[in-house]
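Quick notes on the structure that follows.
Any read-out appearing in this document is the output of simple, stated calculations on the displayed coordinates, not a laboratory observation. This is a predicted model, so every value here is computed, not measured. In this analysis, Cβ positions are derived from the backbone assuming ideal geometry, glycine residues included, and neighbour counts consider all displayed protein chains.
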Amino acid sequence: MACHDEPGMLTVATCRERLLNTVVPLAGSETVSLAQAVGRVLADALNARMDSPPADNSAMDGYAVHADDLASDAPLHLVGSSAAGHPWTGTLQPGESLRILTGAVVPAGASAVIMQEDILREPADSTHIRLGRALSPGENIRSRGEDIGAGDALLPAGRQLTPADIGLLASQGIASVSVRPRLRIALLSTGDELVPPGQPLAPGQIHDSNRVMLQAALLQAGFEVLDLGHVQDELDALRSRFADADRLADAVITSGGVSVGDADLVRQVVGELGDIRVWKIAIKPGKPFAFGTLPNSLFFGLPGNPVSALVTLEQLAMPALRALQGTRWQPAWTVSARLLAPVRKKPGRAEYQRGVLSQRDDGAFEVMPLAGQGSGLLTSLSRANCYLVLDQDQGRMDTGESVRVQPF
Ligand code: AMP
Ligand code: MG
């Protein structure tokens, strides 16, 4: 333990590791069409079925010529044309040329394509062309299999499919893929003070902002969300809602009720039904984060403060949720940026402060930490476009110092 650790707090790295060690990825698969596949996770590794492109084809509008004529200045006889979708089926001979359009199959016998801008032509002669310059073999030809060859690795198992992956699959003639079932996450918020947006507030009440916010983040990550609503800080109500959540979902995510106040009953209920494995992390915001196991699912207890809830979802829960879904979690990219204002920080916890990242004309990054860093300040999170990632042992920092930044 480093000298600044508060007793009983786990480091962010240890927390992530413990969560990942508990995860057993979801099994099973279902077949979906490519139109439904973006964001889904490939169940099996795929190899290329065919050479792509399937045939040599022209990269330009121009004329195909024989290998013997690459440097010829004699007139070359025009013997036909090849357009995309309409191949010319002959074999090109020495002394011949073929009109060819972009994407058209390059016929047998042809060795290069000359751009139409580079030919010489007698105005009255529509049957011959002459080369305006010498060509090298293969010039302006996209060769068969240059994108990928039959049998080559196409995509690995566990890949979360991107739009480009979908295009790649389609180019292979693949119309549907076997993917992992979507991870089902039951989401509920706790707190006697909460009222759904759209309903009026009585004195002492606030709107439940966490549930829809967390739902949005989980949907964006490609998970299925079961909205189990809002539960009062009451043991029996919590027990029955947790039992429902555990029955319906692969993971249960709650907000609120995990710190040390009298009304923080969530850990007690999870402890009765299952096992709390992790509690209290050296992270700011988000120290009361809890993790555990339920009979059929994993439990992630996010703190109630909205900024803490989203930060701990992203930084602590997401790696495990992705692993559960069958994808490999990779730490988000960070860039190094110059501080435009001092950072206030005490050693002891890793901090994810909110900031506004910008890029100067010379390409260098600069970051302005937002003034309000309170864990209840949703405006600061909404106005930010990055986290300043500050190590546990880091103290205050001055303007001009270099800081690690994680863009949203
Ligand atoms: P708790 O973790 O339950 O002690 O809550 C910490 C703070 O977050 C309190 O000020 C709560 O009112 C607030 N809070 C808890 N749940 C939510 C929620 N779903 N939406 C907005 N604020 C919340
Ligand atoms: Mg509460």
If you plug each phi of region 391-408 into the Karplus form 6.51 cos²θ - 1.76 cosθ + 1.60 with θ = phi - 60°, what whole-Hz ³J(HN,Hα) values come out, in order, with x for Gly and Pro?
-> 4, 3, 7, 5, x, 5, 9, 9, 3, x, 6, 9, 10, 7, 10, 10, x, 5
With only Lys, Arg, Asp and Glu charged, each at its Cβ (+1 for the first two, -1 for the last two), find how big the charge dipole of region 89-155 is about the Cα centre; round to the nearest 20 debye.
-> 100
Near the amide H of His66, under 5 Å away, which other amide H atoms are found, from residues 5 or more places off or on another chain, if H is placed in the peptide plane?
-> Gly95, Glu96, Ser111
The chain: Cα Rg divided by the 2.2 N^0.38 Å rule of thumb | 1.41
Under-5 Å amide H pairs with Ile281, H placed in peptide plane, nonlocal only = Leu10, Phe289
Note the full-extension length gain between Asp44 and Val335 as 0.36 nm times their separation in residues minus their Cα-Cα distance, in nm to one decimal.
-> 101.4 nm
Computed label-point distance, nm, for sites Ser136 and Ala150 using a 7 Å Cα→Cβ extension | 3.0
Taking the Cα centre of the chain as the origin, how large is its charge dipole in debye, to the nearest 20, when only Lys and Arg (+1) and Asp and Glu (-1) carry charge on their Cβ atoms?
-> 1040
Which part of region 280-294 falls in the paramagnetic zone of Val260, meaning amide N under 12 Å from the point 7 Å along Cα-to-beta-carbon?
-> 280, 288
Ala164 versus Ala27, label points 7 Å from Cα toward the beta carbon: distance in nm?
-> 3.4
Enclosed volume per residue, in Å³, of the convex hull spanned by Cα atoms of region 57-142 = 73
Return the sequence-ordered ³J(HN,Hα) values of region 238-255 in whole Hz as given by the Karplus equation 6.51 cos²θ - 1.76 cosθ + 1.60 applied to θ = phi - 60°, using x for Gly and Pro.
-> 5, 4, 6, 5, 5, 4, 4, 4, 5, 6, 8, 10, 7, 9, 10, 10, 10, 10
The extension gain from Leu226 to Phe408, computed as 0.36 nm times the residue separation minus the Cα-Cα distance, is 63.0 nm
Report, in deg cm²/dmol and to the nearest 500, the calculated mean residue ellipticity at 222 nm for the chain, where each DSSP H run with n ≥ 4 adds -39500 (n - 2.57) and the sum is divided by the residue count.
-> -5000 deg cm²/dmol
Binned at 5 Å from zero, the C-alpha pair distances of region 180-318 give percents of 2, 11, 22, 25, 22, 12, 4, 1, 0, 0
Tabulate in residue order the Karplus-calculated ³J(HN,Hα) for region 63-76, using 6.51 cos²θ - 1.76 cosθ + 1.60 with θ = phi - 60°, rounded to whole Hz; enter x for Gly and Pro.
-> 9, 8, 9, 6, 4, 5, 10, 4, 10, 6, 10, 7, x, 10
Reachable aspartates and glutamates, given that their alpha-carbon falls under 19 Å from the alpha-carbon of Lys346 and they are not under 8 places away in the same chain | Asp5, Glu6, Asp391, Asp393, Asp398, Glu401
Among chymotrypsin sites (Phe, Trp or Tyr not before Pro) in region 322-389, those in a DSSP loop whose Cβ has at most 14 other Cβ atoms within 10 Å are Trp333
In nm, the gap between the two label points placed 7 Å beyond Cα toward Cβ at Ala55 and Thr14 is 6.5
For Leu298, the residues 5 or more places away or on another chain with a placed amide H closer than 5 Å to its own amide H are Ala251, Val252
How much length is gained if the chain between Leu201 and Arg239 is pulled fully straight, taking 0.36 nm per residue apart and subtracting their Cα-Cα distance, in nm to one decimal?
-> 11.0 nm
